[in-house]
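Undergrad: I'd like to ask some things about the structure below.
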Amino acid sequence: MRTTGRAAVLGSPITHSLSPFLHRAAYQAMGLTGWTYEARECDEAGLPAMLDAEDWAGLSLTMPLKRAVLPLLDTVSDLAVAVGGANTVVFAGGARHGDNTDVHGIEQALAEAGIPAPGSALVLGGGATAASALAALRGLGTGAATLVVRDPARAGETIEVAERLGMALAVETFDKLDALLDVDLVVSTLPGGAADAFAGQAARVPALFDVVYAPWPTRLAAAVRAAGGKVVGGFPMLLHQAVRQVELMTGRTDVPVAAMRAAGEAEILRRATRTG
């Protein structure tokens, strides 16, 4: 276990990231006074130099870096290979190891909300988060899912993820959505506001996982909740993927989930109050 370490979250844009608040809260509660964590603006072109820039202990990666980092790593976990993206880099023994904690975050968020493993699932959107959602569903035992996208021609990478996972995947477009909603769980990986138009149709689903965490609830989440369905938002996913990152980067398992949750919720509230 390292007593000191420099870590950061990289992405573009990055100023909105909650990761510094989550990781710093963990360090404080764990007594890791020699650890630092910051947000660094970094795009794909700048990623190779950023990886070399400092004596990093670990890096968290957000868009657009999760796929771009793979060829720059020495080793990659089987899960990150399957998903086609790493959101975590751990530096140890002179090597860079890539992992994916987004899948863990989704699994834990669903479990925490009391949403059982779905027999059938619908995933809205076809990007990197959708790929992690498919892996989480597969890990929970769901053997098949339907992906709903605007343009199936642009969903090739996510389709390949399903193939690597051994998961049967049907691909449909949003104009067919109403006929596809008789499922146990809908996972929306669409950005804030993008699913508003579907709130009326999707209100009848028994469970929804919406990756948006602010502003919350989304119109889609509010509609499902009002109709009696179970709803989980994006913050629990963000929290639990960060918990796993702290474990991987520090080598410790006594990560203070409650302290991290409180810090993240406080910052979300502060931002909402400031902009409200």
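Undergrad: Which net charge results for the neighbourhood of Pro13, defined as the other residues with beta-carbon distances under 13 angstrom from its beta-carbon, given Lys and Arg at +1 and Asp and Glu at -1?
TA: -1
Undergrad: Tell me the per residue accessible area of segment 148-247 using a 1.4 Å probe; a whole number in Å² is fine.
TA: 44
Undergrad: Apply 1/(1 + (r/R0)^6) to the Cβ-Cβ distance of Ala111 and Asp184, taking R0 = 22 Å, and write down the FRET efficiency to the nearest 0.05.
TA: The value I calculate is 0.90.
Undergrad: Let me ask something else. Note down the net charge around Ala162, summing +1 for each Lys or Arg and -1 for each Asp or Glu among other residues with Cβ under 14 Å from its Cβ.
TA: -2
Undergrad: For segment 47-157, what's the relative contact order in percent, using C-alpha pairs closer than 8 Å and at least 6 residues apart?
TA: 20
Undergrad: In Å², what does the accessible area per residue of segment 65-115 work out to with a 1.4 Å probe?
TA: 36
Undergrad: Whenever you get a sec, compute what percent of the accessible area on the chain sits on carbon and sulfur atoms (1.4 Å probe).
TA: Carbon and sulfur atoms account for 54 percent of the accessible area of the chain.
Undergrad: For a test of the definition: using alpha carbon positions, the gyration tensor, and the 1.5 limit on a/c, classify segment 1-93 as rounded, prolate or oblate.
TA: prolate
Undergrad: If you stretched the chain out fully between Thr3 and Thr253, how much longer would it get, using 0.36 nm times the residue separation minus the C-alpha to C-alpha distance?
TA: 88.6 nm
Undergrad: Under a GNM of the chain (C-alpha, springs under 10 Å), which listed residue has the highest mean-square fluctuation: Ala170, Ala179, Ala131?
TA: Ala179
Undergrad: Which of the listed residues, Ala195, Met260, Met249, is farthest toward the dipole's positive end in segment 174-276, when Lys, Arg count +1 and Asp, Glu count -1 at the beta-carbon?
TA: Met260
Undergrad: Would you mind counting up the charge near Thr218? Only other residues with Cβ under 12 Å from its Cβ, with Lys and Arg at +1 and Asp and Glu at -1.
TA: Local net charge: 0.
Undergrad: Right, another one. Where does each of Ile159, Ile115 land when they are ordered by accessible area, with a 1.4 Å probe and the largest first?
TA: So the residues, ranked largest to smallest area, are Ile159, Ile115.
Undergrad: With every protein chain left in place, what is the accessible area of Lys230 in Å² (1.4 Å probe, nearest 10)?
TA: We get 100 Å² for Lys230.
Undergrad: Evaluate the relative contact order of the chain (contact order divided by residue number), counting alpha-carbon pairs under 8 angstrom at least 6 apart; express in whole percent.
TA: Reported relative contact order: 18 percent.
Undergrad: Tilt of helix 257-275 relative to the longest C-alpha principal axis of the chain, in degrees (0 to 90, nearest 10)?
TA: Between the helix axis and the principal axis of the chain, the angle is about 70 degrees.
Undergrad: Now a separate question. Among Arg225, Arg150, Arg6, what's the order by accessible area (1.4 angstrom probe), most exposed first?
TA: Putting Arg225, Arg150, Arg6 in descending order of accessible area: Arg150, Arg225, Arg6.
Undergrad: Hey, can you grab everything whose amide H is under 5 Å from the amide H of Arg96? Only 5+ residues off in sequence or another chain; H modelled, so Pro and N-termini drop out.
TA: Answer set, sorted by chain and number: Asp74, Thr75.
Undergrad: In deg cm²/dmol and to the nearest 500, what is the mean residue ellipticity at 222 nm of the chain if only DSSP H runs of at least 4 residues count, each as -39500 (n - 2.57), divided by the residue total?
TA: -11500 deg cm²/dmol
Undergrad: Provide the percentage of antiparallel DSSP beta bridges, counting only those with both residues in the chain; round to the nearest 5.
TA: Percentage antiparallel, nearest 5: 20.
Undergrad: Report the label-to-label distance for Ala199 and Glu157 in nanometres (one decimal), using points 7 Å from each Cα along the Cα→Cβ vector.
TA: 3.0
Undergrad: Would you rank Arg219, Arg244 by solvent-accessible area, highest first, keeping every protein chain in place and using a 1.4 Å probe?
TA: Arg219, Arg244
Undergrad: Here's a follow-up. Among DSSP bridges having both ends in segment 1-142, what percentage is antiparallel? Round to the nearest 5.
TA: Roughly 35 percent of the beta bridges in segment 1-142 run antiparallel, per DSSP.
Undergrad: Counting only residues 5 or more places away or on other chains, whose amide H sits under 5 Å from the amide H of Ser188 once H atoms are built in the peptide plane?
TA: Hits under the 5 Å cutoff: Leu124, Phe209, Asp210, Val211.
The values are calculated or read from the model by the stated rules, or taken from the named source; none is laboratory data. Treat the numbers as computed from the prediction; the structure is a model and nothing was measured. In this analysis, Cβ positions are derived from the backbone assuming ideal geometry, glycine residues included, and neighbour counts consider all displayed protein chains. Accessible surface is based on the protein model in full, side chains and every heavy atom, while ligands, DNA and RNA are left aside. Shrake-Rupley method; radii C 1.70, N 1.55, O 1.52, S 1.80 Å.
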